[in-house]
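Below: the structure, in structure tokens.
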Amino acid sequence: MQQRPPKDCADLSQVRVEIDRVDNALIDLIAERFGYVERAWQIKLGLGQEANVPWRNQQVFDKVRARAEAKGLPPELAEALWRQMIGWFIQYEEEKLKDELAEKGKSAP
């Protein structure tokens with residue numbers, strides 16, 4: 001089935017089909033991003049770095065706001081979504097790092 005632009009949707013069922021298509025694409029992209037987050041905590045573990053890197057977070061928020069604005073999306077919406085997502089990822093990384101360090105502590109001679 002071919003993608004239909006919003007203006008070409010004649011009824012609510014067509015809008016819902018397109019929203020479902022976009023939701024599927026978003027999940028695919030978030031899953032891809034999660035793979036990089038998974039790799040990031042592993043690299044941070046080897047470097048002894050913390051999960052939360054405030055300057056990097058701000059850099060991402062700034063880029064997201066600029067991209068949203070360029071696409072006609074309210075920058076506040078994009079930033080709010082990314083703050084929520086990045087907050088979750090940071091918590092995930094912190095837990096993984098803590099668990100790995102605890103596991104290494106158990107296996108240390």
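Where residues in region 42-64 are within 24 Å of ILE27 (Cβ to Cβ) and over 14 Å from the mean Cα position of the chain (by Cα), which of them is surrounded by the fewest Cβ atoms within 10 Å (Cβ to Cβ)?
Out of the qualifying residues, it is GLN42.
Taking the options ARG83, ARG56, name whichever one is under 30 Å from GLU103 (Cβ atoms), at pLDDT 95 or above, in a helix (DSSP H, G or I) and among the charged types (D, E, K, R).
None of the others qualify; the one that does is ARG56.
Does LYS96 satisfy being over 14 Å from the mean Cα position of the chain (by Cα), in contact (Cβ under 8 Å) with a residue 40 or more places away in the chain and under 20 Å from GLN42 (Cβ atoms)?
yes
Quick one: what pairs do we get from region 74-86, first residue under 15 Å from ARG56 (Cα atoms) and among the aromatic types (Phe, Trp, Tyr), second part of a helix (DSSP H, G or I) and modelled with pLDDT of 95 or more, C-beta under 7 Å, 6+ apart or different chains?
Short answer, once both residue conditions are applied: TRP82/VAL60; TRP82/PHE61; TRP82/VAL64.
Taking into account only those residues within region 4-41 that are in a loop (DSSP other than H, G, I, E, B) and exposed (fewer than 13 other Cβ atoms within 10 Å of the Cβ), which is nearest to the chain's Cα centre (by Cα)?
PRO5
Collect the residues in region 1-44 that are closer than 29 Å to GLN91 by Cβ and either hydroxyl-bearing (Ser, Thr, Tyr) or modelled with pLDDT under 95 (or both), keeping them in residue-number order.
Listed by number, the list holds a single entry, TYR36.
Residues ALA40, ALA10, ALA80: which one is small (Gly, Ala, Ser), touching a Phe, Trp or Tyr at 6+ places or on another chain (Cβ under 9 Å) and at negative phi?
After applying the criteria, what remains is ALA40.
The values are calculated or read from the model by the stated rules, or taken from the named source; none is laboratory data. Every value quoted in this text rests on a predicted model; they were computed, and no experiment measured them. Quick reminder, even Gly has a Cβ in these numbers, built from the backbone with ideal geometry, and neighbours come from all protein chains shown.
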